[in-house]
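The values are calculated or read from the model by the stated rules, or taken from the named source; none is laboratory data. Bear in mind the structure is a predicted one, so any value in this text is a computation, not a measurement. Note: ideal-geometry Cβ built from the backbone for every residue, glycine included; neighbour counts use all protein chains shown. Heavy atoms of the whole protein, side chains included, go into the accessibility calculation; ligands, DNA and RNA do not. Shrake-Rupley method; radii C 1.70, N 1.55, O 1.52, S 1.80 Å.
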Amino acid sequence: QVQLVESGGGLVQPGGSLTLSCVASGNIFSINAMGWYLQAPGKERELVARISSGGSTNYADSVKGRFTISRDNAKNIVDLQMNKLKPEDTAVYYCAAESTTGYYGGRADWGQGTQVTVSS
């Protein structure tokens, strides 16, 4: 029901900044929360940041104070502002959307991912 396209990844020096953007299409008004997740080589996908439809946010401990997640009022775009980047932030970043499918049900949709590399 929801398609997600990420952009903004690339190569950045340690201590630098990068902004990722995710554009949602389809049944966007069914979306509740949106978030960013990362997957490093040889590791499982894990939460970076999440934002609810009401604006509440959650961050991984490793990015608190450095990353900021935001979304527009139409709930069709979610951004991740990344500051003070570290080499350990290097990973593929995926955008996710959580949607309501019924009175009690829900589903998650994922983007294709965008590579972030932090290196000198």
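What the phi angles of region 26-33 give under the Karplus curve with 6.51, -1.76 and 1.60, with θ = phi - 60°, is a coupling list of x, 7, 5, 7, 8, 6, 9, 9 Hz, glycine and proline written as x. Per-residue packing, averaged as other Cβ atoms within 10 Å, sorts the ranges 49-62, 12-25, 89-102 into the order 89-102, 12-25, 49-62, beginning with the highest. The amide H of residue 19, built 1.01 Å from its N in the peptide plane, has 82 as neighbours under 5 Å, considering only residues 5 or more places off or on other chains. Heavy atoms of the protein chains alone define the surface here; on that basis the chain has 54 Å² accessible area per residue at 1.4 Å probe size. Accessible surface of the chain, 1.4 Å probe: 48 percent of it comes from carbon and sulfur atoms.
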